[in-house]
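Take a look at the structure below.
The values are calculated or read from the model by the stated rules, or taken from the named source; none is laboratory data. All of these numbers come straight from a predicted model, not from anything done at the bench. Don't worry about glycine lacking a Cβ; one is built from the backbone with ideal geometry, like all the others, and counts go over all protein chains shown. Surface accessibility is based on the protein's heavy atoms, side chains included, excluding ligands, DNA and RNA. Shrake-Rupley method; radii C 1.70, N 1.55, O 1.52, S 1.80 Å.
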Amino acid sequence: MHPAPSVILFTTFSGLGFGLLAWLGLGFPAVTGLTAFVFFTIAYVCAVGGLMASAFHLGRPERALKAFTQWRKSWLSREAVMSVAALLVMGVYAIGTIFFATALPLVGILGAVLCLLTVFTTSMIYTQLRTVPRWHTPLTPVMFLALAVAGGALLAGQTTAAAVLLVLAGAALVATWVHGDGAFTRSGTTLATATGLGAIGTPRAFEPPHTGTNYLLREFVFVVGRKHGMKLRIIAFVLAIVLPVILLLVPFSHWLALVAVLSHVAGVLVARWLFFAQAEHVVGLYYGKR
């Protein structure tokens, strides 16, 4: 897939925002008043900002409201419904903690569950696609949820939990990469199976289908060299996992905590870029890219 900036920002910041909201809904940290306002502002800016970024990737952004009407069969629609529900419920919880110094535990727990379900529905938009074998695995939602929960813990200032969860998220990230590298081959998809001509021989493309670029090439075919891909994975892992964990293990400092957060966000952005850039959509077979 072509790594569109809007989708990268959406999947990165919405995950962080809903991850932080989930922790706040569970009472971590147990804040009220102005402090609660700051935490909820950060969470809502990330979550809502990410959702707004996704709207710019739509062919007709002005029709975004129609995404809510297909929830019975569309994971994109389910994500839209779930995200609004999560933001509304957590809004009630936020009002209680900010203006009345009163936490509503049941509302917070419900909001936290809805936030995690929102991240899950986001991941399922990609997991459901059989045309992208690298994504079509249970590891995809595991990776999305692991990064959201770990990033949320980091933003919530839960240093011990964040360190442990970041290690687990790193394991999920590596597992996704390792499994994904052979997914296209294991799927058994070739030009022969795609065209249905395998019974009469081994087909090959005589000439490229187009002499120039087109929509399919722009949206679904993007090739990252193995060497560059490995370098970017190392950068993503170090920034998103290794450096934040190291900074969390040293004596606490607000400045170090800020560096840990910024490093994690930068690393997740790189990982998300790779997630789309290395997608290996089967349509690339027709263009000799697979």
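A few comments on the model shown:
- Cα point-scatterer Debye curve for the range 80-167, base-10 log of I(q)/I(0) at q = 0.10, 0.11, 0.16, 0.22 Å⁻¹: -0.33, -0.39, -0.75, -1.08
- Over the range 226-290: Kirkwood hydrodynamic radius from C-alpha pairwise inverse distances, Å: 13.3 Å
- Average Cα contact separation per residue, the chain, under 8 Å, 6 or more apart, as relative contact order %: 24 percent
- Heavy-atom SASA rank of SER123, SER187, SER54 (probe 1.4 Å, accessible area, largest first): SER187, SER54, SER123
- Overall shape of the chain was characterised from the C-alpha gyration tensor. The equivalent ellipsoid obtained from it has semi-axes of 38, 22, 15 Å, in decreasing order.
- One decimal place: the segment THR213-LEU256 gains 10.9 nm when fully extended, by the rule 0.36 nm per residue minus the C-alpha distance.
- Heavy-atom accessible area ranking, 1.4 Å probe, most first, across TRP273, TRP71, TRP23: TRP71, TRP273, TRP23
- Rounded to the nearest 20 debye, dipole of the chain from Cβ charges on Lys, Arg, Asp, Glu: 680 debye
- In the context of the full set of protein chains, the chain has a per residue accessible area of 51 Å² (1.4 Å probe).
- Extension gain, GLN70 to ASP181, is 36.7 nm, computed as 0.36 nm per intervening residue step minus the present C-alpha separation.
- Of all accessible heavy-atom area on the chain, the percent that carbon and sulfur account for (1.4 Å): 73 percent
- Reciprocal mean inverse distance between Cα atoms of the range 19-154 - Kirkwood radius, Å: 15.6 Å
- Inverse mean reciprocal Cα-Cα distance (Kirkwood Rh) of the range 85-134, Å: 12.3 Å
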